[in-house]
2 protein chains.
Amino acid sequence: MNEEFDFQFGHVIDIIDKTGAEIVGLQFPEGFKRRGIKIASFIEENTDCRTLISADPCFGACDIDRNLLSRVDVMFHFGHSVLEPGKYENVHFIECRSNADIEQVIENALKKLTGKKIGLVTTVQHVHHLPGVSEILETNGMEAVTGTGDSRITYPGQVLGCNFSAARDQICDEYLYIGSGNFHPAGVSLSTGKRVLVADPILNEVREINTEKIIRQRSAVIAKCMDASLFGIVVSDKNGQIRMDTAKRLKELAHQHDRQAHILSMDLVTPEQLLNFKVDAFINTACPRIAIDDVGLYPAPMLTPVEFEIVLGERSWDELVLDEIRGE
Amino acid sequence: MNEEFDFQFGHVIDIIDKTGAEIVGLQFPEGFKRRGIKIASFIEENTDCRTLISADPCFGACDIDRNLLSRVDVMFHFGHSVLEPGKYENVHFIECRSNADIEQVIENALKKLTGKKIGLVTTVQHVHHLPGVSEILETNGMEAVTGTGDSRITYPGQVLGCNFSAARDQICDEYLYIGSGNFHPAGVSLSTGKRVLVADPILNEVREINTEKIIRQRSAVIAKCMDASLFGIVVSDKNGQIRMDTAKRLKELAHQHDRQAHILSMDLVTPEQLLNFKVDAFINTACPRIAIDDVGLYPAPMLTPVEFEIVLGERSWDELVLDEIRGE
């Protein structure tokens, strides 16, 4: 199969052969799911195993299909790097590195970098490109640095949608983010307060991140919740998203401030499911992107934990940052 | 709280007090979810416990929130009767009997009954009405009978959307179904081949079940799938819906008939999630209602296991019945 991402088929077949796995689970993020049946057929044709494909939504290594895992000998989780090292012995993380050529877009980015010491940040799809990027930067008289991040981070310079610790680790003038999308680099900018330039190898485009819109939206959500008296605190059951302790702490905090709060436990968080609960506002402790990406879609305004603390006056407005799920 | 259903609040508070439960889980079917926060507040005000509310979709006792259960001392599952006796020790099934008055609608039904021996069928919401209904029928010179059903059935005469065994247990001329909706009585009719009269206490209406439309729709789905070569077999992880053995058998059967099949494992089955899988047809082994109620909503025709066997020629067309999940 000719792919723009490396699915490491040889490595997958090797693991199945070596472990003698008879039942093999396959889990894909949403963008890769449509290749699932083809990949399952390929595996069944090249080994003696039978495959089971996870059809549940999957948004990260925070979202292991534990039900499927309990029924298979080994499971391949495609598209993400390990999040909780050692926790899921039979899960093999197949990272799916991008085959995109990034040289041109980095050359273009060079002209727009203004600092001398550049923090490199990226996602797992492009993390193998960082040494090459460093080299280009250094040839051009700049210094490239990467941070290691906390225990949820596998590679130096890697950021997740819920964790920018590898960016905060860096002492630098500004950041260069390699990848597509704006969520991750916006998180880096909000978390560090520094300029972030995006080198997007998919659109072959260089752009500067502007966090104004996010800050405006989040401020509006906070303002709307100032007088809210009944809160629904959302907790997800997904392996890497469970923040029940945070939720319990926020519930107590609400009570201390004479507000009511109830904890809503769920797997997949959707606007439709929360329609059933008539509250003045939700507080989302699950995937931090939910409150940001889906702003306005929920039946009541949805705060992050940090924002709820601002509503209660336990934090000041200028402490507004994106919510993160941190490791050790 | 004044309710048209009996939520057994006294019994709930008793259990919490007696067990000394500190963390209490609450699970509601979709129709009762909007009362969740009020019920949680009531419980917290009248006991020393803290509640956690399940916000995941819930479609029956086949759909226990096991994630929530693992975090609580006791869980109350409202609106359904026990499905797998002894399996979930800390789950208390609160059946929520209807307070509807049924006398008038039964009187009206009497005029439309033509047989002498009447099989009574209903759902758990109305099962406490059966003795009264029997009495009315007997006063009017008819004989009322109820079947016990298999191990998934808690009460004589009770039917589930996936199990009509209590109807098949009965030797009778025709059936009287007490309840709202047409799915359950249609299943009884298709499963027994007999006339079914519905006494609907919600609409206060008596109607006869006509299964023609369902048969026509199912026949059309089967016809569309005759030449299908690639199948996606859907298996749900929900406690009372897992039919992985059935799925594996169907996959082998497909191969024996030179058709390809892949197993898609998921929790909640939705048209959106299955959009990712390009197959000629789906075979649904999860909740039997999915293929029937949502006919036409899926990105490819969706068969039941029985219907797939008809497609393969392993069963004849006149063996077409609704899919059931059977107990012992």
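The values are calculated or read from the model by the stated rules, or taken from the named source; none is laboratory data. Quick caveat, the model's predicted, so the values are computed rather than measured. Counting neighbours? That spans all protein chains shown, and the Cβs are built from the backbone with ideal geometry, glycine included. Side chains included, ligands, DNA and RNA excluded: accessible areas come from the protein's heavy atoms. Shrake-Rupley method; radii C 1.70, N 1.55, O 1.52, S 1.80 Å.
Peptide A:65-71 is shielded by partner chain Cβ atoms: per residue, an average of 4 of them sit within 10 Å of its Cβ. Partners of B:LYS224 within straight-line reach, counting aspartates and glutamates whose Cα lies under 13 Å from its Cα and excluding those fewer than 8 residues away in the same chain: B:ASP280, B:GLU307. Each other residue within a Cβ distance under 15 Å of B:GLY149 adds +1 if Lys or Arg and -1 if Asp or Glu, for a net charge of -2.
Legend: residues B:ASP280, B:ASP56, sorted from most to least accessible area (1.4 Å probe; ligands, DNA and RNA excluded), read B:ASP280, B:ASP56. Going Cα to Cα from A:LYS117, which lysines come in below 21 Å? Please leave out same-chain ones fewer than 8 positions away. Within the straight-line limit of under 21 Å, A:LYS117 reaches these lysines: A:LYS194. Could you list, in their original order, any pairs among B:LYS112/B:LYS213; B:LYS251/B:LYS278; B:LYS33/B:LYS213; B:LYS33/B:LYS248; A:LYS213/A:LYS251; A:LYS33/A:LYS238 whose Cα atoms are separated by more than 24 Å? B:LYS33/B:LYS213; B:LYS33/B:LYS248; A:LYS213/A:LYS251, as the Cα separations exceed 24 Å there. With the other protein chains left in place, how much accessible area per residue, in square angstrom, belongs to chain B at a 1.4 angstrom probe? Counting only protein heavy atoms, the per-residue value for chain B is 41 Å². Could you name the aspartates and glutamates whose alpha carbon sits less than 16 Å from that of B:LYS111, not counting residues in the same chain fewer than 8 places away? Filter leaves B:GLU103, B:GLU135, B:GLU138, B:GLU143, B:ASP173, B:GLU174, B:ASP200, B:GLU205, B:GLU208.
Once A binds B, the 1.4 Å probe can no longer reach about 3600 Å² of accessible area, counting both sides. Per residue, the Cα convex hull of the protein assembly as shown amounts to 166 Å³. Summing Cβ point charges (Lys, Arg +1; Asp, Glu -1) relative to the Cα centre of the protein assembly as shown gives a dipole of roughly 640 debye. Heavy-atom accessible area with a 1.4 Å probe sorts A:VAL82, B:VAL24, largest first, into A:VAL82, B:VAL24.
If a paramagnetic tag sat 7 Å from the Cα of A:ALA220 along the Cα-Cβ line, which residues of segment A:267-311 would have the backbone N under 12 Å from that point? Taking a point 7 Å out along Cα→Cβ of A:ALA220, the residues of segment A:267-311 whose backbone N falls under 12 Å are A:295-297. For segment B:214-256, a decrease in accessible area of 30 Å² or greater in the assembled protein chains relative to the isolated chain, with a 1.4 Å probe, applies to B:ASP237, B:MET244, B:LYS248, B:LYS251. In this simple spin-label approximation, B:HIS255 and A:ASP227 carry label points 7 Å from Cα along the Cα→Cβ vector, and these lie 6.6 nm apart. Applied to segment A:267-277, the Karplus parametrisation 6.51 cos²θ - 1.76 cosθ + 1.60 on θ = phi - 60° returns per-residue 3J(HN,Hα) values of 8, 8, 8, 9, x, 4, 5, 7, 3, 5, 10 Hz, with x for Gly and Pro. Using heavy atoms of the protein chains and a probe of 1.4 Å, the accessible area assigned to B:SER180 is about 60 Å².
The distance between label points at B:ASN108 and A:ASN204 comes to 7.1 nm (points 7 Å beyond Cα on the Cα→Cβ vector).
Rolling a 1.4 Å probe across all protein chains gives B:ARG207 an accessible area of roughly 40 Å². How charged is the neighbourhood of B:LEU312? Take every other residue with its Cβ under 13 Å from the Cβ of B:LEU312, and add Lys/Arg as +1 and Asp/Glu as -1. Charge balance near B:LEU312 sits at -3.
Note on B:LEU69: accessible area approximately 30 square angstrom, rounded to 10, probe 1.4 Å, nucleic acids and ligands left out. Model label sites at B:GLU314 and A:ILE136, defined 7 Å from Cα along the beta-carbon direction, differ in position by 5.6 nm. Net charge of the neighbourhood of A:VAL235, taken over other residues with C-beta under 11 Å away and scored Lys/Arg +1, Asp/Glu -1, is +2. With the label put 7 angstrom out from Cα along the Cα-to-Cβ vector, A:GLU272 ends up 0.6 nm from the copy partners, going from closest to farthest. For chain A, the Cβ-based charge dipole about the Cα centre amounts to some 740 debye (Lys, Arg positive; Asp, Glu negative; other atoms uncharged). Sequentially through segment A:62-74, phi angles give Karplus couplings (6.51, -1.76, 1.60; θ = phi - 60°) of 6, 9, 5, 7, 5, 4, 5, 4, 5, 10, 10, 7, 9 Hz, Gly and Pro residues having no value and appearing as x.
When the square roots of the Cα gyration tensor eigenvalues are ordered a ≥ b ≥ c, the ratio a/c for segment A:218-319 is under 1.5, which makes its shape rounded. Under the classification rounded if a/c is under 1.5, otherwise prolate if a/b is larger than b/c and oblate if not, where does chain A fall, given a ≥ b ≥ c as square roots of the Cα gyration tensor eigenvalues? Oblate shape, in that a/c is at least 1.5 and b/c is the bigger or equal ratio. Solvent-accessible area of chain A (1.4 angstrom probe, protein heavy atoms only): carbon and sulfur portion equals 47 percent. Calculated over segment B:1-134, the projected area of the Cα convex hull averaged across directions stands at 9.6 nm². Distances between copies at A:ASP173, taken between label points 7 Å from Cα along the C-beta direction, are 9.6 nm in increasing order. Here is how far apart the A:ARG66 label points are across copies: 1.0 nm, shortest first, using a point 7 Å from Cα toward Cβ. Based on DSSP H segments of at least four residues, each scored -39500 (n - 2.57), chain B has a per-residue ellipticity at 222 nm of -8500 deg cm²/dmol. When +1 charges are put on Lys and Arg Cβ atoms and -1 charges on Asp and Glu Cβ atoms, the dipole computed for segment B:5-98 relative to its Cα centre reaches about 240 debye.
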